[in-house]
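Please treat every number below as a calculation from the coordinates, not as lab data. Owing to the predicted nature of the structure, the values given are computational and were not obtained by experimental measurement. Don't worry about glycine lacking a Cβ; one is built from the backbone with ideal geometry, like all the others, and counts go over all protein chains shown.
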Amino acid sequence: MVLAAVRLVTTQNVVRAALFLVIVLAGAAAQFLLLAADFVAVVQIVVYVGAIVVLFLFGIMLTRAPIGRHQDLDNDQRWLAAIVSLFLAGVLGTILVKAYPFKDAAKINFERISTTGHTSEAIGTAIFRTYLVPFEVVSVLLTAALVGAIAVARRD
């Protein structure tokens, strides 16, 4: 997953970048499975891998993005990006070490996770009652993005 993420941001081919994104998102779904969040893993596959990546590929095809290697997709800020990513990795590592100290040997209690209401019913209730408006806003945003891609690709 990490290698695919690195290739995602370093490749000069936008179609290959979308395919590397599929690998990264599938790896995130595998991590959800390891954390016993099977519903979230399935939603990750269906929504992100199945829908968002297809939307990206349609956008690439409809906007006539360059398919092969293209020098305009590269810039001279690789060193700055490497420094910022190392800084962010250090900050994230520090936060994780402080949150989960090694001396306590903190482990994930899967029994507690399975009994705290993280069932498909509780998630469905949260999405379609509590967070209905953000759910609909995202659907309108994705529809607007597709319509925008079609409008840009349309010949006058």
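Ordered by packing density, taken as the mean number of other Cβ atoms within 10 Å over each peptide's residues, highest first, how do 3-15, 121-133 rank?
Sorting 3-15, 121-133 by mean packing, highest first, produces 3-15, 121-133.
Compute the FRET efficiency between THR125 and ALA5 as 1/(1 + (r/R0)^6), taking r as their Cβ-Cβ distance and R0 = 41 Å, and round to the nearest 0.05.
Values: r = 33 Å, r/R0 = 0.81.
E(calc), rounded to 0.05, equals 0.80.
Roughly what would the spin-label model give for VAL47 and GLN31, points 7 Å off Cα along C-beta, in nm?
According to this spin-label approximation, the distance is 1.7 nm.
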